[in-house]
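A quick write-up on the structure given underneath.
Rule-based calculations on the coordinates, nothing more; no lab input. Please read all numbers here as calculations on a predicted model, not as lab measurements. Here Cβ is always computed from backbone atoms with ideal geometry, including for glycine, and neighbour counts include all displayed protein chains.
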């Protein structure tokens, strides 16, 4: 029996699910609100972990392609104090590929392949138990019915309300992102500061991390504790006003560190929201969730990895039990929830230490990770 299956969202979770299911011989429709793959920036770089994101790509048959694109040297990390003194300067062994980096755009293109992606299909709501399946409602007024709808549509999922009333809550930590292009030519001193991987600086209740992407592109992220409306008096679309506000917030930090903000382009506000660590739901026939839609957690490197493994394992569960789709999905949800709960606790504790009153907490966390 060929089930009518749709996944809402063309991010790592949705595309991995679709790619593995397609590889196993099952058709699936990817419903993505973006009008095209390049309609908006794909984001920064991801480190894919052994046993998580890399395992998902193995299940998708894409390990060799990933190896060719990824950057093992991107695992390097340099930590400074706010005066610019180097506290740690870790570089991976040349043969070490434990958690190599790959740009989000490259990963998206790798997963896309020849998948059936329906671009420009914005989902507004999902109604289970109607007629002979689950009804998906689109922003343009159209409707379509499926046997299974998988919500992989991120933090503010339009599918989640079909199974859970829970919504993301603000952590008290906000993030602002900017970037530098052609850094090796235009800003060679900053290129050397960042190195092949990342440079991180931790202060009291705030941090700055700059991370190298491919092609001379560097993403810069600042995190700090503040009310959600901290920017009420700042027009975040005004680049110079935002820059001035952030430079004031990090006043007194070493000049080379502040230069990462001084030379950045547009700024993007990304307050950090999470779902409860133990978020679960009573199984609803014909609907399930993956990735951030299911277990939104602080962005400490685990979310995309878990999302991809979620997608791969759900696809395998469906292929292994095609005669009872509902049972296969329910069993998967139990496994996913247990794993996600463990990682949610780890990342929540990690965020507390990375944006802490004592900057030594962040350095100690880095040392613990290196020893593990």
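Taking the convex hull of the alpha carbon atoms in segment 19-178, what volume per residue do you get, in Å³? List each step's numbers first, then the result.
On the way: hull volume 27.1 nm³, N = 160.
Enclosed volume per residue, from the Cα hull, is 169 Å³.
Mind ordering 87-93, 360-366 by average Cβ neighbours within 10 Å, highest first? Provide the component values of the computation, followed by the final result.
Numbers: 87-93: 13.6, 360-366: 16.6.
The peptides rank, most packed first, as 360-366, 87-93.
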| What FRET efficiency comes out for the pair residue 192/residue 348, r = Cβ-Cβ distance, R0 = 41 Å, nearest 0.05? | 0.75
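Taking a quarter of the surface of the Cα convex hull of segment 250-360, what do you get in nm²?
Numbers: hull surface 38.4 nm².
For the Cα atoms of segment 250-360, the hull's average projected area reads 9.6 nm².
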| remark: If one compares the long axis through the Cα atoms of helix 239-249 with the longest principal axis of the Cα atoms of the chain, the angle in degrees, nearest 10, works out at 70 degrees
| remark: Exposure proxy check on 160, 192, 339: fewest-to-most Cβ neighbours within 10 Å is 192, 339, 160
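Where does each of 296-309, 274-287 land if you order them by average Cβ count within 10 Å, highest first? All intermediate terms of the calculation are to be shown ahead of the outcome.
Numbers: 296-309: 24.1, 274-287: 17.4.
Result, highest mean Cβ count within 10 Å first: 296-309, 274-287.
Please report the antiparallel percentage of the DSSP beta bridges confined to the chain, to the nearest 5. Walk me through the numbers on the way to the answer.
Working: 43 of 60 bridges.
Taking every DSSP beta bridge with both residues in the chain, the antiparallel ones total about 70 percent.
Is segment 199-250 best put as rounded, prolate or oblate by its Cα gyration tensor, with a ≥ b ≥ c the root eigenvalues, rounded for a/c under 1.5, and otherwise prolate when a/b is larger than b/c, oblate when not?
Details: a/c = 2.44, a/b = 1.38, b/c = 1.77.
Note, shape of segment 199-250 comes out oblate.
Gain in length, residue 282 to residue 247, computed as 0.36 nm per residue apart minus the alpha-carbon separation, to one decimal in nm?
Details: separation 35, 0.36 × 35 = 12.60 nm, distance 4.69 nm.
Length gained, residue 282 through residue 247: 7.9 nm.
For segment 172-271, state the semi-axes of the equivalent ellipsoid (square roots of 5 times the eigenvalues of the alpha-carbon gyration tensor), sorted largest first and rounded to whole angstrom.
Details: eigenvalues 100, 40, 28 Å².
One finds semi-axes of 22, 14, 12 Å for segment 172-271.
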| field | Fully extended contour minus Cα-Cα distance, from residue 86 to residue 155, at 0.36 nm per residue | value | 21.3 nm
| field | Using alpha-carbon coordinates, inclination of helix 360-371 to the longest axis of the chain, degrees | value | 60 degrees
| task | Tell me what the chain gives for mean residue ellipticity at 222 nm when only DSSP H runs of n ≥ 4 count, each as -39,500 (n - 2.57), the sum divided by the residue total, rounded to 500 deg cm²/dmol. | result | -10500 deg cm²/dmol
| said: Compute the helix-to-body angle for 12-23: its Cα long axis versus the longest principal axis of the chain, expressed 0 to 90° and rounded to tens. | reply: 40 degrees
